[in-house]
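Inspection log for the structure reproduced underneath, given as structure tokens.
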Amino acid sequence: MPSNKSVSEEPITQFVNCRILKDHQLQREDLWVREGKILNPEKLFFDEEGYADHQVDCESKILAPGFIDVQINGGYGVDFSQGCDVRGGVALVSKRLLEHGVTSFCPTLVTSPPHIYHKVLPEMEVHDGGAEGAGVLGVHLEGPFISREKRGAHPEHCLRSFQQGSLTDLLEVYGSLDNVSIVTLAPELPGSPTVIQELVKMGVTVSLGHSVADLSQAEQAVQQGATFITHLFNAMLPFHHRDPGIVGLLTSDQLPPNCTVFYGMIADGIHTNPAALRIAHRAHPSGLVLVTDAITAMGLPPGHHTLGQQHIQIDGLHAYVAGTNTLCGSIATMDMCVRHFRKASGCSVEAALEAASLHPAQLLGISQHKGTLDYGSDADFVLLDDSLHVKATYIGGEEVWRK
Amino acid sequence: MKLVILEDYVQSSEWAAKYIRNRIVQFNPSADRYFTLGLPTGGTPLGCYKKLIEYYESGDLSFKYVKTFNMDEYVGLPRDHPESYHSYMWNNFFKHIDIEPANAHILDGNAADLQAECEAFEQEIAAAGGIGLFIGGIGPDGHIAFNEPGSSLVSRTRVKTLAKDTILANARFFGNDLTKVPTMALTVGVGTVMDAREVMVLITGAHKAFALYKAIEEGVNHMWTVSAFQQHPRTIFVCDEDATLELRIKTVKYFKGLMHVHNRLVDPLCSMKVQRS
């Protein structure tokens with residue numbers, strides 16, 4: 001049939017026989033893609049009198065937006081905070097992440113000395129994903145402006161506090177904030193309010209974590225513009241009924257109007273007791289963002305490995321600071337987290353999928369083109385079976401991984 | 001006329017769909033000879049569209065060589081509004097079948113020159129060789145398409161202002177907010193539909209019973225525009241039991257007695273699969 005498409009001559013692919021996650025529900029609809037973006041087939045039909053060039057049969061699978069991991073420290077032997085062969089390391093991890101249905105991520109740097117940041121940051125450029133691997137949305141800087149008491153696995157000698165209470169402190173340590181998406185800091189550190197304001201003005205997402213802040217300090221930080229909580233429950237004061245601490249943000253009434261506080265959850269069954277996961281989810285379901293917080297050893301066999309300046313020991317699904325009982329990150333994959341979250345919380349398939357796609361996209365302010373299957377969005381998506389195992393991953397409408 | 005009475009909505013939808021299927025398959029359309037179909041919107045034809053989609057999915061029916069002309073469209077409603085007739089046809093029919101986009105004709109209620117749009121539509125119908133089978137419904141006020149009471153029985157495609165009854169009936173699709181319901185529409189005329197070689201009117205539900213009575217048991221009258229089809233050589237009314245509630249028992253018994261004759265039109269059921277092999 002001769003083409004009479006008036007907007008573009010590029011080929012159109014129609015994904016049929018699938019259930020797509022749209023408008024918060026799984027619906028029996030076809031997905032149309034052209035030039036890497038999701039196409040509106042009704043406009044195509046009436047405006048352009050166009051039709052698909054080829055069809056892909058999804059064999060009744062679930063078609064969901066690609067997962068977005070905003071906290072991942074490395075994997076497959078790569079440690080993003082190590083500083084050697086940065087590009088090679090990011091490339092390796094981003095390629096393997098496709099197997100877990102992750103199509104975009106934020107490589108995370110734990111507390112490190114300034115020379116590491118100065119070396120690593122310029123080499124972790126923001127770029128789109130594709131056949132070579134998942135896209136890099138920007139770096140997540142977890143530290144060093146965090147609490148000594150709640151440093152977890154972060155090296156004590158690298159912790160810092162704000163000297164001037166301004167961007168200067170950050171630029172001294174990090175070198176530059178180009179390529180940075182998220183900064184995790186402890187809001188009780190003196191000088192933090194102005195730092196938070198400046199970061200937010202630059203478009204960087206500010207997250208509260210590794211902190212002993214009480215609820216009112218946390219609320220102030222949100223009023224300054226902080227919008228995320230790094231791995232809720234872990235590395236912060238426990239919930240107390242007279243001072244809920246950072247956890248209290250989930251139900252705080254002191255937040256700016258129309259402001260959603262998002263919170264990362266490591267749903268690996270280890271970092272958080274399922275009952276605690278359920279409490280958080282039920283208190284504030286629309287803010288839950290699944291993160292892996294995966295470390296170097298993710299994807300590797302049990303044994304001894306390195307993370308930043310520390311040494312870790314893998315034992316089954318647990319990763320400890322070597323010689324202690326302190327958890328230092330998880331080795332779960334994002335699809336495992338989606339499955340575990342669904343099982344532990346009893347939530348719907350749609351909610352579990354959105355916690356790994358829509359919510360992180362909303363957190364980063366990129367939901368116009370990522371994290372959904374709305375018309376005009378980037379065609380980054382995954383095909384899953386009914387038990388939410390990833391069968392194929394697509395970026396820009398092209399198949400980049402198949403089981 | 002043929003008055004085909006089925007037990008309920010599902011059965012009448014299926015009978016109508018089978019009839020349409022047989023007409024298309026027996027016509028054996030091709031690239032040189034398209035089958036032209038006039039199509040309605042609204043609640044009544046939904047069951048019929050669903051069955052037609054099933055026939056396409058099973059491979060028994062293809063719309064590749066079918067041209068369609070819809071009866072009407074609202075004026076001033078954005079084409080992608082969920083209640084526009086473009087949206088209705090896309091979601092309920094076109095997106096599920098293999099019709100070519102260029103062969104699906106719907107009036108454009110946002111055209112700069114509405115009069116010219118109507119005239120162009122009439123010309124497109126003529127260029128397609130006229131309508132082979134026009135499928136329509138009936139409003140509670142006896143209108144066909146948007147030919148409201150008082151419309152000329154020889155009217156052509158034109159702009160019409162909707163009657164209060166129609167606006168009230170449509171309010172449920174616009175959140176029951178009367179201010180949001182379109183007040184004008186482009187519609188094929190009674191004359192346009194009368195020009196079709198064959199007409200099939202779908203009428204189901206008790207709320208349409210009085211209109212059916214006025215249309216077939218009383219005289220031809222521009223207040224009940226469907227009555228015009230008493231003067232069409234080949235019209236079929238397909239209805240369910242509830243729609244016959246206002247008819248004379250004698251009328252109903254007569255036509256029910258003819259069902260064995262009517263059923264020969266849908267049984268045996270033809271399939272394009274057989275033709276290909």
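Against the condition surrounded by 24 or more Cβ atoms within 10 Å (Cβ to Cβ) and farther than 27 Å from B:Y9 by Cβ, how does B:L178 come out, does it pass?
It is false that B:L178 is surrounded by 24 or more Cβ atoms within 10 Å (Cβ to Cβ) and farther than 27 Å from B:Y9 by Cβ.
Do the conditions hold for A:E29, that is, is it closer than 29 Å to A:C347 by Cβ, within 11 Å of chain B (Cβ to nearest Cβ), in contact with a helix residue (DSSP H, G or I) (Cβ under 9 Å, 6 or more places away or on another chain) and not hydrophobic (A, V, I, L, M, F, W, C)?
The answer is yes for A:E29.
Quick check on the range B:82-103. Is at least one of its residues open to solvent by 40 Å² or more (accessible area, probe 1.4 Å), polar (S, T, N, Q) and either under 21 Å from B:F27 (Cα atoms) or away from chain A (no Cβ under 13 Å) (or both)?
Scanning the range B:82-103 turns up no residue that is open to solvent by 40 Å² or more (accessible area, probe 1.4 Å), polar (S, T, N, Q) and either under 21 Å from B:F27 (Cα atoms) or away from chain A (no Cβ under 13 Å) (or both).
Can you find, within the range B:82-134, the residue that is farthest from B:F237 (Cα to Cα) among those that are of a type in the set (A, V, I, L, M) and in a loop (DSSP other than H, G, I, E, B)?
The extreme case among them is B:A112.
Scan A:S387, A:S377 and give me the residue that is open to solvent by less than 20 Å² (accessible area, probe 1.4 Å), touching a residue at least 12 places away in the same chain (Cβ under 8 Å) and among the polar types (S, T, N, Q).
A:S377
Which residues, counting only those in the range A:40-65, are more than 12 Å from chain B (Cβ to nearest Cβ) and either in contact with a Lys or Arg (Cβ under 8 Å, 6 or more places away or on another chain) or surrounded by fewer than 15 Cβ atoms within 10 Å (Cβ to Cβ) (or both)?
Residues satisfying the conditions are A:D53, A:H54, A:D57, A:E59, A:S60, A:K61, A:I62, A:L63, A:P65.
Please go through the range A:19-32 and give me each residue that is touching a Phe, Trp or Tyr at 6+ places or on another chain (Cβ under 7 Å) and buried (at least 21 other Cβ atoms within 10 Å of the Cβ), ordered by number.
A:L31
Give A:A297, A:A392, A:A355 a once-over and let me know the one that is modelled with pLDDT of 95 or more and either within 26 Å of A:Y263 (Cα to Cα) or among the β-branched types (V, I, T) (or both).
A:A355 is the lone residue from the list that is modelled with pLDDT of 95 or more and either within 26 Å of A:Y263 (Cα to Cα) or among the β-branched types (V, I, T) (or both).
Which condition number does A:I20 fail, the rest of (1) in contact (Cβ under 8 Å) with a residue 24 or more places away in the chain; (2) in a helix (DSSP H, G or I); (3) within 14 Å of another protein chain (Cβ to nearest Cβ) being met?
For A:I20, the failing item is (2).
Table: residues versus (1) out of contact with any strand residue (DSSP E or B) (no Cβ under 7 Å at 6 or more places or on another chain); (2) over 28 Å from A:L250 (Cα atoms).
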site: A:H100; (1), (2): no, yes
site: A:V120; (1), (2): no, yes
site: A:A131; (1), (2): no, yes
site: A:C158; (1), (2): yes, yes
site: A:S176; (1), (2): yes, yes
site: A:V180; (1), (2): no, no
site: A:E188; (1), (2): no, no
site: A:E198; (1), (2): yes, no
site: A:V212; (1), (2): yes, no
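Looking at the range A:135-150, which of its residues are in a strand (DSSP E or B) and either open to solvent by 10 Å² or more (accessible area, probe 1.4 Å) or touching a helix residue (DSSP H, G or I) at 6+ places or on another chain (Cβ under 8 Å) (or both)?
A:G135, A:V136, A:V139, A:L141, listed by residue number.
Please tell me if B:I106 is surrounded by fewer than 20 Cβ atoms within 10 Å (Cβ to Cβ), in contact with a helix residue (DSSP H, G or I) (Cβ under 6 Å, 6 or more places away or on another chain) and within 14 Å of another protein chain (Cβ to nearest Cβ).
No.
Would you mind stating whether A:K37 is within 14 Å of chain B (Cβ to nearest Cβ), among the basic types (K, R) and more than 20 Å from B:I99 (Cα to Cα)?
no
Residues that are at pLDDT 95 or above: list the helices (runs of 4 or more DSSP H) wholly contained in the range B:164-237 that include at least 3 such residues.
Ranges flagged: B:190-194, B:209-217.
Does B:K256 fit the bill of being touching a residue at least 24 places away in the same chain (Cβ under 8 Å) and basic (K, R)?
Spelling it out, B:K256 is indeed touching a residue at least 24 places away in the same chain (Cβ under 8 Å) and basic (K, R).
How many residues does the range B:144-162 hold that are in a loop (DSSP other than H, G, I, E, B), in contact with an Asp or Glu (Cβ under 9 Å, 6 or more places away or on another chain) and more than 17 Å from B:T68 (Cα to Cα)?
Counting residues in the range B:144-162 that are in a loop (DSSP other than H, G, I, E, B), in contact with an Asp or Glu (Cβ under 9 Å, 6 or more places away or on another chain) and more than 17 Å from B:T68 (Cα to Cα) gives 5.
Among (1) in contact (Cβ under 8 Å) with a residue 12 or more places away in the chain; (2) closer than 30 Å to A:E10 by Cα; (3) of a type in the set (S, T, N, Q); (4) surrounded by fewer than 24 Cβ atoms within 10 Å (Cβ to Cβ), there is one condition A:Q368 misses while meeting the rest; what is its number?
All conditions pass for A:Q368, except number (1).
Under 6 Å by Cβ, and 6 or more places apart or on different chains, what pairs join a residue from the range B:237-249 that is under 13 Å from B:M259 (Cα atoms) and open to solvent by less than 80 Å² (accessible area, probe 1.4 Å) with one that is modelled with pLDDT of 95 or more and of a type in the set (K, R)?
Filtered contacts from the range B:237-249: no entries.
Quick one: is A:V321 touching a residue at least 24 places away in the same chain (Cβ under 8 Å), crowded, with 17+ Cβ neighbours inside 10 Å and in contact with a Cys (Cβ under 7 Å, 6 or more places away or on another chain)?
It is true that A:V321 is touching a residue at least 24 places away in the same chain (Cβ under 8 Å), crowded, with 17+ Cβ neighbours inside 10 Å and in contact with a Cys (Cβ under 7 Å, 6 or more places away or on another chain).
For the range A:324-339: of the residues being farther than 19 Å from A:V90 by Cβ and modelled with pLDDT under 85, which is least open to solvent (accessible area, probe 1.4 Å)?
Here the residue is A:C328.
So, of the residues in the range B:62-81 that are in a strand (DSSP E or B) and within 14 Å of chain A (Cβ to nearest Cβ), which turns out to be surrounded by the most Cβ atoms within 10 Å (Cβ to Cβ)?
That would be B:E73.
The values are calculated or read from the model by the stated rules, or taken from the named source; none is laboratory data. The structure displayed is predicted, hence computed values, not measured ones. We place every Cβ from the backbone using ideal geometry, glycine too, and count neighbours over all the protein chains shown. In case anyone asks, the SASA skips ligands and DNA or RNA and just uses the protein heavy atoms, side chains included. Shrake-Rupley method; radii C 1.70, N 1.55, O 1.52, S 1.80 Å.
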